[in-house]
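Taking it in order: structure first as structure tokens, then the write-up.
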Amino acid sequence: RLLGGLHALVLTGRASWEELDAALAHPELPQLARRPVQTNEVRRSWTLLPCFLEIARRTGAETLDLLELGASAGFNLLWDRYHYSYAAGEWGPVDALLELDGEERRPVPESLLALEPRVRRRRGVDLDPVDVTTDEGALRLRSFVWPGQEGRLERLDRAIAAVRHEPPELVRGDLAGLLPELLAERAPEALTIVIQTAVLGYLG
């Protein structure tokens, strides 16, 4: 939290890493350092995409409703809005705001990349969702990307632009209490997929 607060000051030009003593004495640092840590790793969508496509293949579903637990800013709810590169080919809009690639431990089948399920609804639940359509929300996520991780920061900025173009629905609350209620709203004309990428590790 302390380093995130310092980084927020640096990103906004109110402090400098070269003058750390002055940064540590900045009057706004205590308030910034009290913010809970929040991150949202959009690159996880590169791993999630083949999973969604496999679900669509096995079920025959053409329309999906997404429900993400611990969604943060909701970047991974927009997985179908990104462009992907795999060894067998590419997937997604060629004019996407964000392009993702990675190292495949097992090749993604080319046949999966031919599928194009449609996402109808995107909802995320989080105790403390981040609204990156605001400057404050965007700065909060950017401040928890460490200096020198330029590639990660660039992906974050592109994901922020994607969310601002098409914001998902974010619900503030405890997933344990809200999940049954949200699942009760499932619609028969779409396949509801519940996902999480990190939050279960924080549940007691």
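The values are calculated or read from the model by the stated rules, or taken from the named source; none is laboratory data. The shown structure was predicted, so the numbers you read here are calculated from the model rather than taken from an experiment. In this analysis, Cβ positions are derived from the backbone assuming ideal geometry, glycine residues included, and neighbour counts consider all displayed protein chains. Side chains are part of the model used for accessible areas, which takes the heavy atoms of the whole protein and leaves out ligands, DNA and RNA. Shrake-Rupley method; radii C 1.70, N 1.55, O 1.52, S 1.80 Å.
List of remarks:
- Residue ID - most open to solvent (accessible area, probe 1.4 Å), chosen from residues in the range 145-181 that are in contact with a strand residue (DSSP E or B) (Cβ under 6 Å, 6 or more places away or on another chain) and hydrophobic (A, V, I, L, M, F, W, C): Leu170
- Just so you know, in the range 112-135 the residues that are free of Cβ contacts under 8 Å to residues at least 40 places away in the same chain and not in a helix (DSSP H, G or I) include one that is surrounded by the most Cβ atoms within 10 Å (Cβ to Cβ), and it is Thr133.
- Qualifying positions in the range 185-202 - hydrophobic (A, V, I, L, M, F, W, C), open to solvent by less than 60 Å² (accessible area, probe 1.4 Å) and closer than 17 Å to Asp65 by Cα: Ala187, Ala190, Leu191, Ile193, Ile195
- Scan of the range 23-39 for residues that are open to solvent by 60 Å² or more (accessible area, probe 1.4 Å) and outside any loop (DSSP other than H, G, I, E, B), ordered by number: Leu24, Pro30, Gln31
- Of all residue pairs spaced 6 or more apart or on separate chains, those with beta-carbon atoms under 6 Å, a first member in the range 88-105 that is more than 14 Å from Leu78 (Cβ to Cβ) and a second member that is of a type in the set (A, V, I, L, M, F, W, C) and surrounded by fewer than 13 Cβ atoms within 10 Å (Cβ to Cβ) are Glu104/Ala87.
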